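Comments concern the structure below.
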Amino acid sequence: MEGGGKRLLSSVIKTCRSSALELAPLDPLTEVTPRPLTADERRVLDLLLSGTFVGADELRQQAAQAMVTGRCDCGCPTVDLSVPQDAPPAPVIGPTAPVEVRVTPVGGEPVGDVLPFVKAGRLSSLEYVYYTDSPPQQWPPADRMTVVAGPPRLRKRAEPGWSAHETPASPKHP
């Protein structure tokens, strides 16, 4: 990799891994030696994939073997994932699976989201999208997470008032 293990991906809305959305500045990512998911990463991913949606069975099979291969440099808990090539691909077009977790705010902070990104039918990252100037340092506790089925709202680019540079609740990311 160029840049001493760092690579650059683009995103429309300033998030770590929203690589299918392409208008915001590039964010640095750091590769890590592949490792199993932590208990918190596993808890969040299992919650995301607990529902019934197209591709859920295949994504759950992939998640059972998923390894973390990268992390975000901003300090948020977002991670890149890798799954074995022999794992069954999910019939998910992407860039995200049709599910997300809504993070209930604490105090005056805005809502957050957790998205499972999919590339070529395979889990590729677990992203914590935040809407404040400071990134969250860890995954939210279970009592603050609610699974929301259907296409993530970040994909609704055609809604009235949507702008790639400024949305009503633009996620923040350095």
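What to note about this one:
- Residue check, Val44 closer than 18 Å to Tyr130 by Cβ and at pLDDT 90 or above: yes
- Residue check, Leu37 at pLDDT 95 or above and crowded, with 21+ Cβ neighbours inside 10 Å: no
- Residue list for the range 35-55, filter: under 16 Å from the mean Cα position of the chain (by Cα), in a helix (DSSP H, G or I) and hydrophobic (A, V, I, L, M, F, W, C): Val44, Leu45, Leu47, Leu48
- When residues of the range 117-145 are limited to those that are aromatic (Phe, Trp, Tyr) and not in a loop (DSSP other than H, G, I, E, B), the one farthest from Gly75 (Cα to Cα): Phe117
- Among the numbered conditions (1) buried (at least 21 other Cβ atoms within 10 Å of the Cβ); (2) touching a Lys or Arg at 6+ places or on another chain (Cβ under 9 Å); (3) modelled with pLDDT under 70; (4) closer than 12 Å to Ser124 by Cα, the only one that Ser19 does not meet is (1).
- Residue-level check: of (1) in contact with a helix residue (DSSP H, G or I) (Cβ under 7 Å, 6 or more places away or on another chain); (2) modelled with pLDDT under 95, Pro77 misses just (1).
- Residue ID - nearest to the chain's Cα centre (by Cα), chosen from residues in the range 100-142 that are among the small types (Gly, Ala, Ser) and buried (at least 20 other Cβ atoms within 10 Å of the Cβ): Ser125
- Qualifying strands (runs of 3 or more DSSP E) (wholly inside the range 60-116; at least 3 residues being of a type in the set (A, V, I, L, M)): 99-103
- Screening Arg144 against (1) out of contact with any Ser or Thr (no Cβ under 7 Å at 6 or more places or on another chain); (2) in contact (Cβ under 8 Å) with a residue 40 or more places away in the chain; (3) of a type in the set (D, E, K, R) leaves a single unmet condition, (1).
- Flag for Pro91 being farther than 26 Å from Pro136 by Cβ, over 16 Å from the mean Cα position of the chain (by Cα) and at pLDDT 95 or above: no
The values are calculated or read from the model by the stated rules, or taken from the named source; none is laboratory data. All values reported here derive from a predicted model rather than from experimental measurement. No Cβ is skipped: glycine too gets one built from the backbone with ideal geometry, and neighbour counts run over all protein chains shown.
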